[in-house]
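The values are calculated or read from the model by the stated rules, or taken from the named source; none is laboratory data. Quick caveat: nothing in here was measured; it's all calculated off a predicted structure. Reconstructed Cβ throughout: ideal geometry from the backbone, glycine too, with neighbour counts over all protein chains shown.
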């Protein structure tokens with residue numbers, strides 16, 4: 001398929017062709033610097049997103065909530081907070097939605113794992129698993145997202161963080177921390193994260209305390225194009241995610 005620069009040309013493509021093209025052109029590009037990814041979206045991805053948005057089979061949020069449950073893997077994203085910590089393992093990054101109104105962004109960080117030189121030194125260090133836990137619902141026909149906690153764990157980096165491991169961590173944490181607590185528990189205003197410098201903790205606090213806006217430009221049973229924004233003045237972020245389970 002040739003590069004496409006106008007939405008008009010895409011009108012003649014099938015939805016499957018557009019989705020496959022998106023996955024093709026972003027392959028291997030999620031490791032690029034944020035600035036480069038933002039430019040890549042503007043210059044190449046935007047027409048594909050616009051055309052799929054026009055074809056969104058589940059335009060109403062209530063319909064989206066009905067099919068969202070499961071495990072999704074972000075294959076490309078311009079969300080800045082994902083890489084506040086170095087060494088995120090993209091194949092071990094998950095978005096997990098449960099039917100009870102909770103969902104989690106979970107990722108493993110293992111600094112040095114991509115560098116052949118540093119790998120032999122870093123292999124002795126633990127991996128760092130991070131989970132941002134949120135609640136979701138429908139309010140005024142829009143996604144209503146609330147952050148409820150950030151959790152961390154040090155793990156053996158030689159043992160991968162699997163979908164089952166991530167889901168079990170999410171399930172156990174949500175049950176023990178929130179389901180048995182009062183429903184209107186105040187959001188913790190200061191994060192207590194270990195093994196992080198104060199500047200990094202402050203970056204997470206900024207994300208954690210902000211109100212999140214989420215919109216599905218396109219969603220079906222296996223593929224999502226997501227637009228997110230913390231504030232009205234902030235540049236929107238975009239995520240391409242595929243279902244794993």
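Some observations on this one:
Residue-wise test of (1) outside the structural domain of residue 167 (by TED's automatic domain parsing); (2) crowded, with 17+ Cβ neighbours inside 10 Å; (3) over 30 Å from residue 144 (Cβ atoms); (4) at pLDDT 95 or above.
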position: 22; (1), (2), (3), (4): yes, yes, no, yes
position: 74; (1), (2), (3), (4): no, yes, no, yes
position: 91; (1), (2), (3), (4): no, no, yes, no
position: 95; (1), (2), (3), (4): no, yes, no, yes
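- Counted residues, the range 157-183 - those being closer than 22 Å to residue 89 by Cβ, at pLDDT below 90 and surrounded by fewer than 18 Cβ atoms within 10 Å (Cβ to Cβ): 1
- Within the range 111-134, restricting attention to residues that are out of contact with any helix residue (DSSP H, G or I) (no Cβ under 7 Å at 6 or more places or on another chain) and buried (at least 17 other Cβ atoms within 10 Å of the Cβ), the residue that is modelled with the lowest pLDDT is 122.
- Failed item in (1) assigned to a loop (DSSP other than H, G, I, E, B); (2) closer than 30 Å to residue 161 by Cβ, with residue 12 passing the rest: (2)
- Verdict on residue 41 being out of contact with any strand residue (DSSP E or B) (no Cβ under 8 Å at 6 or more places or on another chain), in contact (Cβ under 8 Å) with a residue 24 or more places away in the chain and not assigned by TED's automatic domain parsing to the domain that holds residue 171: no
- Residue check for residue 100: at pLDDT 90 or above and within 14 Å of residue 155 (Cβ to Cβ): no
- Among the residues listed as 190, 215, the single one being surrounded by 13 or more Cβ atoms within 10 Å (Cβ to Cβ) and either part of a strand (DSSP E or B) or at pLDDT below 60 (or both): 215
- The one condition in (1) within 29 Å of residue 174 (Cβ to Cβ); (2) assigned to a loop (DSSP other than H, G, I, E, B); (3) at pLDDT 95 or above that residue 57 fails to fulfil: (1)
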